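The values are calculated or read from the model by the stated rules, or taken from the named source; none is laboratory data. The structure displayed is predicted, hence computed values, not measured ones. Using ideal geometry, Cβ is built from the backbone for each residue, glycine included, and neighbour counts are taken over all protein chains shown.
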Ligand code: DC
């Protein structure tokens, strides 16, 4: 049986950076499930399916073949055979992903793929519903969070580093709105699994969070 670590939590808690570092240390693959939803969103944008057209999205999603491949430990997302890593990190695709990801048929399709990957490989998988829905039997479940204030500040500094200006209060309000949507949607809402360990990174460095999770992994190996 493979050793799987599930990491869930809200946007901006540091999930992907931390999950990637944990996976590297443990020589496991890192499965970024958000990237899969982003690839699905990219497909809908390219096919010009209006995002309010749920039926259209349900109909079209069966034609989007999304798979993951690993090249030198780096996850490559393939959309109908094309490497789309370079197209999925934009605001537009992120926003579209938050519209397509609550749709039941989309989630079912992604869940099957995620479960197959986890059955075949030891992996660290991050997302919103990994511990609660996708891998209910994961050996370790982490709920990674940080206060909305801290997450907003991190995002603000990221923008600043790219030479862009942000409005801290606005960013925090957006984060809180997105949390509310993620936690109150009908399908697979974001919540801490009962058997998940809560890791609050508000006052931690990345290294401290990685160390905390590695310690928990080693206890369960
Ligand atoms: O983590 P991210 O920003 O790359 O995620 C993109 C979108 O996909 C975001 O709106 C949340 C959603 N998502 C989800 O619903 N379930 C997951 N397991 C991962 C991401």
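Numerical summary
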| quantity | calculated |
| --- | --- |
| Selected residue [more than 9 Å from the ligand (Cβ to nearest atom), surrounded by 12 or more Cβ atoms within 10 Å (Cβ to Cβ) and free of Cβ contacts under 8 Å to residues at least 24 places away in the same chain] from 132, 90 | 90 |
| Strands (runs of 3 or more DSSP E) within the stretch 27-123 that include 3 or more residues within 14 Å of the chain's Cα centre (by Cα) | 29-32 |
| Meets criteria (in contact (Cβ under 8 Å) with a residue 40 or more places away in the chain and loosely packed, with under 12 Cβ neighbours inside 10 Å) for residue 69 | no |
| Filter pass, residue 147 being farther than 30 Å from residue 104 by Cα and at pLDDT 95 or above | no |
| Single match in 124, 199 (criterion: over 18 Å from residue 98 (Cβ atoms), surrounded by 15 or more Cβ atoms within 10 Å (Cβ to Cβ), more than 15 Å from the ligand (Cβ to nearest atom) and touching a residue at least 40 places away in the same chain (Cβ under 8 Å)) | 199 |
| Residue pairs meeting the criteria (Cβ under 7 Å; at least 6 apart or on separate chains; first free of Cβ contacts under 8 Å to residues at least 24 places away in the same chain and under 27 Å from residue 221 (Cβ atoms), in the stretch 22-44; second more than 7 Å from the ligand (Cβ to nearest atom) and assigned to a strand (DSSP E or B)) | none |
